[in-house]
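*Asks:* Would you mind keeping the following structure in view while I ask a few things?
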Amino acid sequence: MMQFLLRNRNWILFWALVILLVIATLVQDGMFMDGQQYAIVAKNMAVGEGSFWHPFLSPTWYKAGSGSFMEHPPLGFYLQSIFFRLFGESMYTERAYSFFTMLVAVSLIVLIWKEFHSDEENSAWLPLVIWITIPVCFWSYSNNLMENTMGMFTLMSILFQLRYFISRNILWFLLGALSIVAAFLCKGIPGLFPIAFPFIWYWVYAKENLQKGIYLSVGLLLFFLLAMFSLILIPEATESLSFYFFDRLLFRIESEPTTTNHFTVIVDLISQLGIAIGICVLIVMVNGFKAVSFNRKQFKLFLFLGISASLPLMATGVQRDFYLVPSLPFYAMAAGVFIKMPVINLLSGKRIRKWNLVVAMLFFFISVTIASSKIGECSRDKELLKDVYALTNCIPKKEVIAVEEELLQAWSLEFYLLRHHGVSFHGGKANKRFLLQRISSEQPEGTWKKTPCDLKNYTLFCYD
């Protein structure tokens, strides 16, 4: 038993970090509104509301002439809907799905790492520790974002292509190409970056055959285009994907930018990788760059994969830090390659190994204790959720209620009500049984009667 613990002491540290940074949030109520939104669509799909190509959010959702929820391609919603079919409508269902995507990502990172490092130290824990401590990474897996699902397929594509380069078995290459199609069907254009992998591979490992890498990247692109052509033969798929591309993606790029500075993504990337960069700089300062032994080709391969997944975001003004999540495993593996030998040498001493185990075990039990204490609490929106649950006791399920104009943009409030009770918002009062206003708003005109609903920030009226 002791030998097993000593061999896996650093894996104990990694899982302690997972418990503290991810599970301790997942066991709590409250979630970022995008994650809530995706859970609502998946839950609806699970019970037959909406279809694969035309997902459904609410009866009052209407954008660019469509009542379907086509902000993203539909595969991510469908995969999450399987969890709702299996586990029901508990709030833990979307959390279980989000955690599942993290476990798949962990497995794929380990498999990719082991293609290069089949060593006795079982050092895959090192890039994983770097990866899970990136703030937007553990935040994303705590909040059910679409990048989590897309990231599974982009990692799959890289793994399958890597195995093709090693074995030259064309089946691996085809699986890599299919994974790119699946990544696109989760999040669209950002999922296409693995197309650049053959070019990067040959540029790093066989520059004299770079032309072959270009051919293979073109082959992946052609496979993707052929898959898209096959899909557009299906009328529903044509309508869904064309709406996503023209009415949502291009419209948002042109009309709904999140920043006016195209370099915002670089600032976000550097800040998110601050811990990893700091460790690398510290090792160079202690040992000197020339004394740090690392595989430069592996480092360049992972670094340029990360760049190919993140810097294209500079092309638009639609930039959010969590869009970087699919690129983070490759930056973490690049940092892992750089610091592997100094870290392994530091931790290899007999006395250090025992202290390392003690620290890891202590940290693991502390993490479990903290996560257990968080069950039933709220990670965010505590006061808002009190009002949400009060409203669910006062309004019938799946009711469409009237709200004042200001609340039409209160997305978190509406999404929580949709997720937990199927209640959606409407801007007009006609033919509505209930009206919701902020507590500071004036009494509505007409025969609206205030209900005895126990609310802190809102007032609910019933049509008398």
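The values are calculated or read from the model by the stated rules, or taken from the named source; none is laboratory data. Keep in mind that what you see is a predicted model, and the values were worked out from it rather than measured. Cβ coordinates were reconstructed from backbone atoms using ideal geometry, including for glycine residues, and neighbour counts include every protein chain displayed.
*Asks:* Give the residue that is nearest to Leu385 (Cα to Cα), with candidates limited to residues of region 417-427 that are free of Cβ contacts under 8 Å to residues at least 40 places away in the same chain and touching a strand residue (DSSP E or B) at 6+ places or on another chain (Cβ under 8 Å).
*Replies:* My answer is Leu417.
*Asks:* Only one residue in Gly48, Gly65 is free of Cβ contacts under 8 Å to residues at least 12 places away in the same chain and more than 22 Å from Pro190 (Cβ to Cβ). Which one?
*Replies:* Just a single option satisfies the conditions, and that option is Gly48.
*Asks:* Of all residues in region 147-174, which are more than 25 Å from Gly274 (Cβ to Cβ) and in contact (Cβ under 8 Å) with a residue 60 or more places away in the chain? Walk me through it before giving the result.
*Replies:* Initially, region 147-174 is screened for residues more than 25 Å from Gly274 (Cβ to Cβ), giving 149, 152-153, 156-157, 159-174.
Within region 147-174, Thr149 is the sole residue that qualifies.
*Asks:* Name the residue, out of Ile307, Ile275, that is assigned to a helix (DSSP H, G or I), aliphatic (A, V, I, L, M), within 21 Å of Pro127 (Cα to Cα) and modelled with pLDDT under 95. Talk me through it step by step, then tell me what you get.
*Replies:* Details: Ile307 fails: modelled with pLDDT under 95.
Only one candidate qualifies: Ile275.
*Asks:* Then there's this: Within region 220-236, can one find any residue that is in a helix (DSSP H, G or I), in the same structural domain as Ala182 (by TED's automatic domain parsing) and over 21 Å from Ser179 (Cβ atoms)?
*Replies:* If we filter region 220-236 for residues that are in a helix (DSSP H, G or I), which is where we start, we get 220-231, 235-236.
Now narrow it down to the ones that are in the same structural domain as Ala182 (by TED's automatic domain parsing): 220-231, 235-236.
Filter once more, so that each one left must be over 21 Å from Ser179 (Cβ atoms): 235-236.
Looking through region 220-236, at least one residue is in a helix (DSSP H, G or I), in the same structural domain as Ala182 (by TED's automatic domain parsing) and over 21 Å from Ser179 (Cβ atoms).
*Asks:* Also, quick follow-up: Could you please find all residues in region 428-440 being closer than 21 Å to Tyr389 by Cα and either surrounded by 13 or more Cβ atoms within 10 Å (Cβ to Cβ) or of a type in the set (S, T, N, Q) (or both)?
*Replies:* Lys432, Arg433, Phe434, Leu435, Leu436, Gln437, Arg438, Ser440
*Asks:* In a loop (DSSP other than H, G, I, E, B), at pLDDT 95 or above and within 27 Å of Ser372 (Cβ to Cβ): which single residue out of Met31, Met102 fits that description? I'd like the intermediate steps shown before the answer.
*Replies:* Values: Met102 fails: in a loop (DSSP other than H, G, I, E, B).
The match here is Met31.
*Asks:* Being among the charged types (D, E, K, R), assigned by TED's automatic domain parsing to the domain that holds Phe338, crowded, with 18+ Cβ neighbours inside 10 Å and in a helix (DSSP H, G or I) narrows it down to one residue among Asp247, Asp268; which is it?
*Replies:* Numbers: Asp247 fails: crowded, with 18+ Cβ neighbours inside 10 Å.
Exactly one residue qualifies, and that residue is Asp268.
*Asks:* Can we say Ala410 is crowded, with 16+ Cβ neighbours inside 10 Å, within 23 Å of Ser440 (Cβ to Cβ), small (Gly, Ala, Ser) and within 25 Å of the chain's Cα centre (by Cα)?
*Replies:* Working: crowded, with 16+ Cβ neighbours inside 10 Å: yes; within 23 Å of Ser440 (Cβ to Cβ): yes; small (Gly, Ala, Ser): yes; within 25 Å of the chain's Cα centre (by Cα): yes.
Considered against the rule, which asks whether it is crowded, with 16+ Cβ neighbours inside 10 Å, within 23 Å of Ser440 (Cβ to Cβ), small (Gly, Ala, Ser) and within 25 Å of the chain's Cα centre (by Cα), Ala410 comes out as yes.
*Asks:* Please indicate, with yes or no, whether at least one residue in region 265-275 is of a type outside the set (Val, Ile, Thr) and more than 25 Å from Gly35 (Cα to Cα). Talk me through it step by step, then tell me what you get.
*Replies:* Here is the first cut: in region 265-275, the residues of a type outside the set (Val, Ile, Thr) are 268-269, 271-274.
Still in the list and also more than 25 Å from Gly35 (Cα to Cα): 274.
The answer is yes, given that some residue of region 265-275 is of a type outside the set (Val, Ile, Thr) and more than 25 Å from Gly35 (Cα to Cα).
*Asks:* Conditions: (1) hydroxyl-bearing (Ser, Thr, Tyr); (2) touching a helix residue (DSSP H, G or I) at 6+ places or on another chain (Cβ under 8 Å); (3) under 28 Å from Gln298 (Cα atoms). Thr264 meets all but one. Number of the miss?
*Replies:* Condition (2) is where Thr264 drops out.
*Asks:* Still on this model: Name every residue in region 35-55 that is surrounded by fewer than 20 Cβ atoms within 10 Å (Cβ to Cβ) and within 18 Å of Thr93 (Cα to Cα), in order of residue number.
*Replies:* Once the filter is applied, which keeps residues that are surrounded by fewer than 20 Cβ atoms within 10 Å (Cβ to Cβ) and within 18 Å of Thr93 (Cα to Cα), region 35-55 yields Val47, Gly48, Glu49.
*Asks:* Now, a different point. List the helices (runs of 4 or more DSSP H) that sit entirely inside region 123-167 and contain at least 3 residues that are more than 17 Å from Ser98 (Cβ to Cβ) and either in contact with a strand residue (DSSP E or B) (Cβ under 6 Å, 6 or more places away or on another chain) or modelled with pLDDT of 95 or more (or both). Outline the logic, then answer.
*Replies:* Numbers: elements: 125-132, 135-141, 146-167.
Passing ranges, in order: 125-132, 146-167.
*Asks:* Still on this structure: Can you give me the number of residues within region 50-99 that are among the β-branched types (Val, Ile, Thr) and within 22 Å of the chain's Cα centre (by Cα)?
*Replies:* 2
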